[in-house]
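Remarks on the structure that follows.
The values are calculated or read from the model by the stated rules, or taken from the named source; none is laboratory data. Given the structure is predicted, the values throughout are model-derived calculations rather than measurements. Positions of Cβ are backbone-derived with ideal geometry, glycine not excepted, and every protein chain shown enters the neighbour counts. Surface accessibility is based on the protein's heavy atoms, side chains included, excluding ligands, DNA and RNA. Shrake-Rupley method; radii C 1.70, N 1.55, O 1.52, S 1.80 Å.
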Amino acid sequence: MKRDTGNKPPRPRESDLESSRTGGVSLQFAKYLVAAVLCVVAIAQNIQAHTIGLTSWKGGGFGLFASHDQLRFSKIYLVSPQGLKPLGATNRFRRVLMDFVACPSEPTGNFVARQIRQSAGGDRDTWVVVAAFDIDYDIPTSTLSCNVLATGDSRNP
């Protein structure tokens, strides 16, 4: 008995199937591409964490590769002829303060201080100062340190 093969199309090769499923890009290349993109993002985040002061957990969540956890916080003071008065962070400024603490810089600090100063009111002799700090614990030496990362002053442009 003879098989009738005249009506059936030829069976596609496995490489043809793989190519059609991935839109012409081989599955192996796609795997390497994803790994390469993840490595580039991790390296970029690590560089930013060590050069511009970005917290290690911002910028894509690659903090695992950047550094150990650090506690960061901010302080806000209203400065007047009567002295320093600590101010609490209101919900209105919580987001800009979080951004200032996450990536502290003087221009960002000045911007935050000006925003808070505008809402705080007061006379011309009153201004706002903000500061971002981190607390770090060095395990080998059992040393706790607090460092000023950046400050901002509402009098600065």
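Descriptive notes on the structure:
- In the condition set (1) closer than 22 Å to S80 by Cβ; (2) at pLDDT 85 or above; (3) open to solvent by less than 70 Å² (accessible area, probe 1.4 Å), R155 is compliant with all but (3).
- In summary, helices (runs of 4 or more DSSP H) completely within the stretch 1-94 and bearing 3 or more residues that are among the β-branched types (V, I, T) and at pLDDT 75 or above occur at 27-51.
- Counting only residues that are in a helix (DSSP H, G or I) and loosely packed, with under 13 Cβ neighbours inside 10 Å, the stretch 100-123 holds 4 of them.
- Cross-chain or 6+ apart pairs with Cβ under 6 Å, the stretch 78-91 first and exposed (fewer than 11 other Cβ atoms within 10 Å of the Cβ), then of a type outside the set (F, W, Y): P81/D125
- Of everything in the stretch 124-142 that is touching a residue at least 12 places away in the same chain (Cβ under 8 Å) and not aliphatic (A, V, I, L, M), the residue that is most open to solvent (accessible area, probe 1.4 Å) is D125.
- Count of the stretch 76-103 residues which are of a type outside the set (V, I, T) and in contact with a Lys or Arg (Cβ under 8 Å, 6 or more places away or on another chain): 5
- Residues of the stretch 143-157 that are of a type in the set (A, V, I, L, M) and without any contact (Cβ under 8 Å) to a residue 12 or more places away in the chain: L144 alone.
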